[in-house]
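> First the structure, which I've put down as structure tokens, then a few questions once you've had a look.
The values are calculated or read from the model by the stated rules, or taken from the named source; none is laboratory data. This is a predicted model, so every value here is computed, not measured. Positions of Cβ are backbone-derived with ideal geometry, glycine not excepted, and every protein chain shown enters the neighbour counts.
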Amino acid sequence: MIIEYDGTNYCGWQIQKNSRTIQAEITKAIEEMTGQKTTLYGASRTDSGVHALGQTANFRTQSKLEPARIQRGLNGILDRDIVISQAVEVPDKFNARYDAKDKVYIYTMLNGPVRTALQRHFCYYNPQPASVSLMQKAARYLEGRHDFRAFASKAGSYKDSVRTIYDIKVTGKRLAGNSRMIYFKFRGDGFLYNMVRNIVGTLLLTGYKKIAPNAVKDILKSKNRAKAGPNVPAKGLCLVKVEY
């Protein structure tokens, strides 16, 4: 299944005791529809407040219902902030998490003198002027295969913190009133806990001219989370696509 959701009212993807999560809501809906217990495997364990346009998940069922019927049925059960946008049958050995080759995330920031009302749940607002060109230069140092321990909020919990970022694109879109949206697009083979949000926070330090773009290279090499920038708010982050 391809899943779209607004993560505002959820404690992330993964099932948690006494917390409302995306995985738990969809699992309950599947069991209600099929009458069978099941395990739902997701491609990415998005954090509390993070959104998705293209989360991928799979489950096994003995139900004879066609995928399209399952899709319609689940959309009839789920709250309106979760939508199954596609459902297809896949080989039994398929696993949404472990078969993923790369993932695409976009972080959205509103930069300007006036905050937003309609987009307040889907972007980070900061009025401090940020240089897109400086952030573009800094981002180049993070592309490729590296140990990203400096950008992991739970660095000590990883046996392997090496990941590959194929590309990072930082772009700006002008809006009315001297404001603009700034988009940080990441494509990589996997991401550590809070890695994208920590990288964005670090790139913003260069955009605010608090550090030079080449300082990002030294932060990366340090493997020290304390040297990197702040963890920007979750609401600006969206899982756009998972590729197989």
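Here is a yes/no grid of residues against (1) within 18 Å of the chain's Cα centre (by Cα); (2) surrounded by fewer than 17 Cβ atoms within 10 Å (Cβ to Cβ); (3) β-branched (Val, Ile, Thr):
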{"site": "Leu134", "(1), (2), (3)": "no, no, no"}
{"site": "Arg140", "(1), (2), (3)": "no, yes, no"}
{"site": "Arg145", "(1), (2), (3)": "no, yes, no"}
{"site": "Phe148", "(1), (2), (3)": "yes, no, no"}
{"site": "Ala152", "(1), (2), (3)": "yes, no, no"}
{"site": "Asp160", "(1), (2), (3)": "no, yes, no"}
{"site": "Thr164", "(1), (2), (3)": "yes, yes, yes"}
{"site": "Asp167", "(1), (2), (3)": "yes, yes, no"}
{"site": "Gly172", "(1), (2), (3)": "no, no, no"}
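> State whether the residues of region 155-162 include one that is of a type in the set (A, V, I, L, M) and either at pLDDT 95 or above or in the same structural domain as Asp6 (by TED's automatic domain parsing) (or both).
Yes, region 155-162 contains at least one residue that is of a type in the set (A, V, I, L, M) and either at pLDDT 95 or above or in the same structural domain as Asp6 (by TED's automatic domain parsing) (or both).
> Within region 47-70, take every residue that is in contact (Cβ under 8 Å) with a residue 60 or more places away in the chain and part of a loop (DSSP other than H, G, I, E, B) and give me the one that is nearest to the chain's Cα centre (by Cα).
Per the stated criteria, the residue is Val50.
> Can you confirm whether region 227-238 contains a residue that is of a type outside the set (A, V, I, L, M) and over 30 Å from Tyr5 (Cα atoms)?
yes
> Checking Lys137 against (1) at pLDDT 95 or above; (2) charged (D, E, K, R); (3) touching a strand residue (DSSP E or B) at 6+ places or on another chain (Cβ under 7 Å), which single condition isn't satisfied?
(3)
> Within region 219-244, count every residue that is farther than 15 Å from Gly201 by Cβ and of a type outside the set (Lys, Arg). Walk me through how you get there before you give the answer.
Going through region 219-244, the residues farther than 15 Å from Gly201 by Cβ turn out to be 221-223, 238-244.
The next check asks that each one be of a type outside the set (Lys, Arg); those that pass are 222, 238-240, 242-244.
Adding up the residues that qualify gives 7.
> List the pairs whose first member sits in region 110-139 and is assigned by TED's automatic domain parsing to the domain that holds Gly177, whose second member is part of a helix (DSSP H, G or I) and hydroxyl-bearing (Ser, Thr, Tyr), and whose Cβ atoms are under 6 Å apart, counting only residues at least 6 apart or on separate chains?
Between residues of region 110-139 that are assigned by TED's automatic domain parsing to the domain that holds Gly177 and residues that are part of a helix (DSSP H, G or I) and hydroxyl-bearing (Ser, Thr, Tyr), the close pairs are His121/Thr8; Leu134/Thr206; Met135/Thr206; Ala138/Thr206.
> For region 3-25, name all the residues that are among the hydroxyl-bearing types (Ser, Thr, Tyr), surrounded by fewer than 19 Cβ atoms within 10 Å (Cβ to Cβ) and free of Cβ contacts under 8 Å to residues at least 60 places away in the same chain.
Ser19 - this is the single residue of region 3-25 that is among the hydroxyl-bearing types (Ser, Thr, Tyr), surrounded by fewer than 19 Cβ atoms within 10 Å (Cβ to Cβ) and free of Cβ contacts under 8 Å to residues at least 60 places away in the same chain.
> Can you report the number of residues in region 2-46 which are at positive phi and more than 15 Å from the chain's Cα centre (by Cα)?
Looking only at that region, the number is 2.
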